[in-house]
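Read the structure below first, then the notes.
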Amino acid sequence: MPEHVVLQLWELIPSLIYFVLGMALFGVSILLMAKFCPFSIRKEIEEDQNISLGIIMGAALIGISIILAAIVG
């Protein structure tokens, strides 16, 4: 393999590590939100069709992803 290809592959490794770390932290944040809610998020959104809870959860996840992007990236 040419030398520049090997160097580019080595530069890809930190990006993959940051990606895995960011996804793991994002998953942990979702689990923590579900744990600390006094009600079942799945039941409220799926069965009771609570649209406002879905919007709030989506906004919270977008906020967490922006913070994680600033920390990891």
- In the list L16, L61, L53, L68, which residue meets the criterion of being open to solvent by 60 Å² or more (accessible area, probe 1.4 Å), in a helix (DSSP H, G or I), out of contact with any Pro (no Cβ under 8 Å at 6 or more places or on another chain) and on the phi < 0 side of the Ramachandran plot? L16
- Being surrounded by 12 or more Cβ atoms within 10 Å (Cβ to Cβ) and touching a residue at least 40 places away in the same chain (Cβ under 8 Å), is that true of even one residue in the range 25-38? yes
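The values are calculated or read from the model by the stated rules, or taken from the named source; none is laboratory data. Remember, it's a predicted structure, so these values are computed and weren't measured experimentally. All Cβ positions, glycine included, derive from the backbone under ideal geometry; neighbour counts span all protein chains shown. To get the accessible areas, we keep the full protein, side chains included, count just its heavy atoms, and leave off ligands, DNA and RNA. Shrake-Rupley method; radii C 1.70, N 1.55, O 1.52, S 1.80 Å.
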